[in-house]
Amino acid sequence: MIPYSKQSINKKDILSVIKVLKSNYLTKGPKVNLFENKVKKVVKARYAVASNSGSSGLHLACLALGVGKDDIVWTVPNTYAASANCAINCGAKVDFVDICPETFNISVDELENKLIKAKKFKKLPKVLIPVHLGGQPYEQKKIWELSKKYRFKIIEDASHAFGAKHYGEIVGSCRWSDITVFSFHPVKIITTAEGGISMTNNKSYYEKMRSFRENGIIFDKKKFKKKNNYLGYYEQISSGYNYRMNDISAAIGISQIERFRKFIKKRNVIANYYKRYFKNTPIKIQKVEKYNFSSFHLFIIQFNLKKTRLSYKDIFKKYRDSNIYVNLHYKPLHLNPFFRKLNFKKKQFPISENYGEISLSIPIFYEMKNKDINKVIKITKSFFN
């Protein structure tokens, strides 16, 4: 089976895990801090809070921004559940902004129109969570300007976009956002097995995310209420969660981050190969703007079903029967049973719904062989003979 994406593990990654297993610390040791510092250096952000998943990182970001009951948070429909769950789990109400049919990212025009209406009815969002789908940066600069005008905060869901750039600025620097969250799941650009990290340039957000990650506990003596404390003393200042990353995961990340540029370079080589061979076919490819550099976590294509006798389900099955593990990223969230119970309806976000009916992610990963790339191309082109 050729997966749509997979991790690349080498001997150094394995030895880094063995070293931690033989050490005194499997968790709450030095590796997590070292990994945070490595990521900070790459993305040029001031602060980093590693967590046990990207989903946890998004939740920490919402908590740090004070998202709570009766607040409104917006995201896009074509995303993983965590982009919305992070706000719902804070008690907030979630709504969606439709996407651009070319880039598959949040539409600036749709967003601005929705903001104008929301201001009129006094229902502006407290936070917007745009997604860098497939590793292609969304319109960060334009949306940052809107955030200043309409006074909402921005959490970048950059789960797909480690190493991506917008106008030469690396995603994660938080130049055009309040907090950026990465995921290090095995299919992502680099992996920590499971893991995530939240970047920010705001010290207050950083301290809150660290505290919430540690069950609401702080260890900074300068922040303690009790002045006459003792060695090992700590204080719980709020409720929180155990969202810590362990040292085994961090060790993998420290090793992997040394190769992230190689990983992205190979993904871009494969993407360019696909683009060349699909150029004169009834296949639409996610548009990467000239001022963007995509990390190509995913290679998303759309089918013109009028040019083939096959249905979308037929195409999906033929790939799988050919041992090519394609997938849809993602079924529009608002069409899932949970959100239907929240009164979301079909035809509310037509571009996202159309996206979910004609899009697939085809294989792209660092260790993908040329014969596998050619097989994917051959099967794909056969749908239109």
*If you roll a 1.4 Å probe over region 274-339 with all protein chains in place, what percent of the accessible area is carbon or sulfur?*
52 percent
*Note, ³J(HN,Hα) from phi for region 367-377, Karplus 6.51, -1.76, 1.60, rounded to Hz, x at Gly and Pro*: 8, 5, 8, 4, 5, 6, 4, 5, 5, 4, 5
*How far apart, in nm, are the 7 Å Cα→Cβ label points at ASN343 and LYS123?*
0.8 nm
*Give the residue from ASN327, PRO137, GLY168 lying farthest towards the positive end of the charge dipole for the chain; charges sit on Cβ (+1 for Lys and Arg, -1 for Asp and Glu) and the dipole is referred to the Cα centre.*
GLY168
*Leading residue at positive end of dipole, the chain (Cβ point charges), from LEU34, GLY68, PHE278*: PHE278
_Average Cα contact separation per residue, the chain, under 8 Å, 6 or more apart, as relative contact order %_ = 24 percent
*May I ask you to compute the full-extension gain from LYS313 to LYS227, defined as 0.36 nm times their residue separation minus their alpha-carbon distance, rounded to one decimal in nm?*
24.4 nm
*Efficiency by 1/(1 + (r/R0)^6): what FRET value for ARG151 and LYS93, r their Cβ-Cβ distance, R0 = 25 Å, to the nearest 0.05?*
0.90
*Here are some pairs, LYS148/LYS222; LYS122/LYS203; LYS307/LYS341; LYS40/LYS369; LYS93/LYS149; which of them have Cα atoms lying more than 27 Å apart in this structure?*
LYS148/LYS222; LYS122/LYS203; LYS307/LYS341; LYS40/LYS369
*Please work out whether the chain counts as rounded, prolate or oblate from its C-alpha gyration tensor, where a ≥ b ≥ c are the square roots of the eigenvalues and a/c under 1.5 means rounded, while otherwise a/b larger than b/c means prolate and anything else oblate?*
oblate
*asked:* With a 1.4 Å probe and all protein chains kept in place, how do GLU112, GLU36, GLU145 rank by accessible area, largest first?
replied: GLU145, GLU112, GLU36
*asked:* In the chain, if the dipole is taken from +1 on Lys/Arg beta carbons and -1 on Asp/Glu beta carbons about the Cα centre, which of ASN85, TYR205, VAL20 is farthest to the positive end?
replied: VAL20
*When a/c is below 1.5 the answer is rounded, else prolate if a/b is larger than b/c, else oblate, so apply that to region 1-152 with a ≥ b ≥ c taken from the square roots of the Cα gyration tensor eigenvalues.*
prolate
*Can you tell me which of 340-349, 163-172, 192-201 comes out highest on packing, and rank the rest after it, using the mean Cβ neighbours within 10 Å?*
192-201, 163-172, 340-349
*Mind giving me the FRET efficiency for ILE14 and GLU207? R0 is 35 Å, r the Cβ-Cβ distance, nearest 0.05 is fine.*
0.50
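What shape does region 107-242 take by its C-alpha gyration tensor, where a ≥ b ≥ c are the square roots of the eigenvalues and a/c under 1.5 counts as rounded, a/b above b/c as prolate, and the rest as oblate?
oblate
The values are calculated or read from the model by the stated rules, or taken from the named source; none is laboratory data. Predicted, not measured: the structure shown is a model, and the values here were computed from it. Here Cβ is always computed from backbone atoms with ideal geometry, including for glycine, and neighbour counts include all displayed protein chains. To get the accessible areas, we keep the full protein, side chains included, count just its heavy atoms, and leave off ligands, DNA and RNA. Shrake-Rupley method; radii C 1.70, N 1.55, O 1.52, S 1.80 Å.
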